[in-house]
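Values quoted throughout were computed directly from the atomic coordinates according to the rules given, and no laboratory measurement underlies them. Keep in mind that what you see is a predicted model, and the values were worked out from it rather than measured. Positions of Cβ are generated from backbone atoms using ideal geometry, with glycine treated the same way; all protein chains shown enter the neighbour counts.
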Amino acid sequence: MAVEYKDIHDFSAKELERLFLSVEWSSGHFPDKLVTAMKNYDTVFSAWDGDKLIGMICALDDGVMTAYVHYLLVDPEYHGQTIGRTLVDMVKEKYKDYLRIVLVAYKDETHFYEKCGFKIEDKSLPMCITSLWT
C-alpha cells in the first residue's frame, strides 16, 4: 500500500463521517458540519489509500506566531504505519517559523505527541465548552 498525502480542503460528508466514526469521535455524527469545517481550516493535510480517506490533520493559525492543531486522526486499520507521524511532520514543517504550535491531546495519547516533539505545559491546562461526548 502506498499512502498518498494531499493538501486539500474539499471532502465528501461520507468520507469524513467514515473516518471520524472509525476512531469513535462524536463529531463524525455531524458530517455536514465537518465538510464546512474542513473548508474553513487554514491547514488540512490528508492521507489516502487509493480513494479511501485514512487520516488527516487540521490546524488554524494567526499567520505568523501561533498554530493550533485541532484534529489528528488515523483510521485504526492503518495504525502503526507512521501515517500520524507523517501528518504531524507536515504541520511542523509548514509552521517551522512560527513561535508556537499548540494542541490538546487526550491523556492516553500524550506519549505519541511527546515522541513528535511536543511537551506537556506545566503552567497551563486546556479548557473547553462542548456538547460533544468524545
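Here the chain is treated as an ellipsoid with the same Cα gyration tensor; its semi-axes, largest first and in whole Å, are 22, 17, 16.
Residues in region 41-55 carry Karplus couplings, in order, of 5, 5, 9, 9, 10, 10, 10, 10, 10, x, 9, 9, 6, 10, x Hz; the curve used is 6.51 cos²θ - 1.76 cosθ + 1.60 with θ = phi - 60°, and Gly or Pro positions show x.
Which value at 222 nm does the chain reach when only helices count, each DSSP H run of 4 or more adding -39,500 (n - 2.57), with the total divided by all residues and rounded to the nearest 500 deg cm²/dmol?
Values: 4 runs with 38 residues, N = 134.
Calculated from helices alone, the mean residue ellipticity at 222 nm is -8000 deg cm²/dmol.
Annotation: aspartates and glutamates with alpha-carbon distance below 15 angstrom to Lys107 (same-chain offsets under eight excluded): Glu121, Asp122. DSSP bridge analysis restricted to region 1-113 gives an antiparallel fraction near 80%, rounded to the nearest 5. Loop-resident GluC sites (Glu not before Pro) (DSSP state other than H, G, I, E or B) in region 69-122 with no more than 15 further Cβ atoms inside 10 Å of their Cβ: Glu121. In this structure the amide hydrogen of His70, modeled in the peptide plane, comes within under 5 Å of the amide hydrogens of Cys58, Ala59, Leu60, none closer than 5 places in sequence on its chain.
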